[in-house]
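Comments concern the structure below.
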Amino acid sequence: MTPRLLETHCEWRAEDVADPTAWTEMLTQAECDEIAAAVEHAGAKSSDLLDIGAADFPLPTLTARLKRIENELINGRGFVRIRGVERDHYSNDEMCLIYWGIGMHLGKPWAQNKYGHLLGDVTDQGKALDDPTARGNELGGIKLGYHCDGADLVGLMCLANGVSGGLSGVANSVALHNDLVRERPDLAAEMYLPQPYDFRGEQKPGTKGWYTVPVFTEWNDRLFVRAIPQYIRASQRIPDAPRLTDKAREALTWIEDAAESGRYSVIMGFEPGDMQFVNNFHVLHGRTEYQDDRAAGKIRHLKRLWLETEVLSDRPPYFRRNIDTHWNDKRVISRLDAAE
């Protein structure tokens, strides 16, 4: 196939997003009061987040703003930071309810792992970097390179920061794709072929430890990106996984170098209570290294959602809801205490 430029209206580069006010949605006091009332309303119904849908977390005026944000995530810039929730006013469970409730207005939750976590944790979980089952949300301290997650949208909410570092980076994969098509169409074409990914030990028992998905897909004039260079390379440890071609390795290096160059990205900090949502198909995300101080109780801890949005009405088959996978055998809320 001959790759072509796609969704150029969604392209941006570092200079286009240099002003954080352009992508930070500051909640008003009235909207914060509305959230507080929704916490009471939902809490009176159930203490189990799985019982709480959008209707159970009523946001009479904020809903319209969230719908505009949802549309911007899919058809525009592809990322947002929502700020204004007063972290000190709420317990951890109440913050999770706020995050879950806002998330339900943006999409439907997907399981994030074999444990069926619909609300997951991003914090140091004691996994070693060389552990073949370790995933990025479990690794503490280290920098995470730019990558995608496994649903339409990925959301993060900051419960607490560590001592230093842990900044979030987002990079525009639409601009990366289109510039690769402009500069090296041969490498872009290679990324339209299925590439092997390491399942990280989370495959269904008795099945292969790898799967294949193209890095780039064109579907009804839209661009869909699934770029996890770390897992693509890690697949090569599995003897029966397809071997990467030299051209695929070169293309992955181009994508990584471009994402890390600063030309296509912006770095942002999180305050406790901040929420970030990212379009996985148009924006890569990563983080800088960070430091915790457990003795002082300064431990970086984020909660994570994977969401299916209604704005995106059609997807390639391999990006449709993972309802049929064994990850959905259990649908639970992770309640990890980062201090333990």
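What follows is calculated from the coordinates using simple rules that are stated; it is not laboratory data. The structure displayed is predicted, hence computed values, not measured ones. All Cβ positions, even for glycine, are placed from backbone atoms using ideal geometry, and neighbour counts span all protein chains on display.
Just a few scattered comments:
- Site pair GLU86 and ASP314 shows an inter-label distance of 4.8 nm when each label is modelled 7 Å from Cα along Cα→Cβ.
- For the stretch 20-333: rounded, prolate or oblate by the Cα gyration tensor [a/c cutoff 1.5]: prolate
- Mean Cβ count within 10 Å, highest first, over the residues of peptides 119-125, 106-112, 15-21: 106-112, 119-125, 15-21
- Couplings 3J(HN,Hα) of the stretch 201-217, computed from phi: x, 9, 6, 4, x, x, 10, 5, x, 9, 9, 10, 8, x, 6, 10, 9 Hz, in residue order, whole Hz [Karplus 6.51 cos²θ - 1.76 cosθ + 1.60, θ = phi - 60°; x for Gly and Pro].
- Taking the longest Cα principal axis of the chain as reference, the axis of helix 62-75 is set at about 10 degrees.
- Label-to-label distance, ASP329 versus ALA64, with points set 7 angstrom from Cα along the beta-carbon direction: 4.7 nm.
- Potential extension, ASP240-ALA296 segment - 0.36 nm per residue separation minus Cα distance: 15.5 nm
- The chain, helix-only ellipticity at 222 nm - DSSP H runs n ≥ 4, -39,500 (n - 2.57), divided by all residues, nearest 500: -8000 deg cm²/dmol
- Nearest-ten-degree value, helix 173-183 long axis tilted from longest Cα axis of the chain: 20
- Förster radius 41 Å - calculated FRET efficiency between ARG13 and ASP93 (Cβ-Cβ, nearest 0.05): 0.50
- Net charge of neighbours whose Cβ lies under 10 Å from the Cβ of PHE216, counting Lys and Arg as +1 and Asp and Glu as -1: -1
- Each Lys and Arg Cβ is given +1 and each Asp and Glu Cβ -1; about its Cα centre, the chain then shows a dipole of about 840 debye.
- Here the contact order of the chain, divided by its residue count and restricted to Cα pairs under 8 Å and six or more residues apart, works out to 32 percent.
- Alpha-carbon centroid distance for the pair the stretch 133-181 / the stretch 298-318, whole angstrom: 12
- LEU129 paired with THR28, simple spin-label distance in nm, labels 7 Å along Cα-to-beta-carbon: 4.8
- Between 0 and 90 degrees, the angle of helix 92-106 with respect to the longest Cα principal axis of the chain falls at about 60 degrees.
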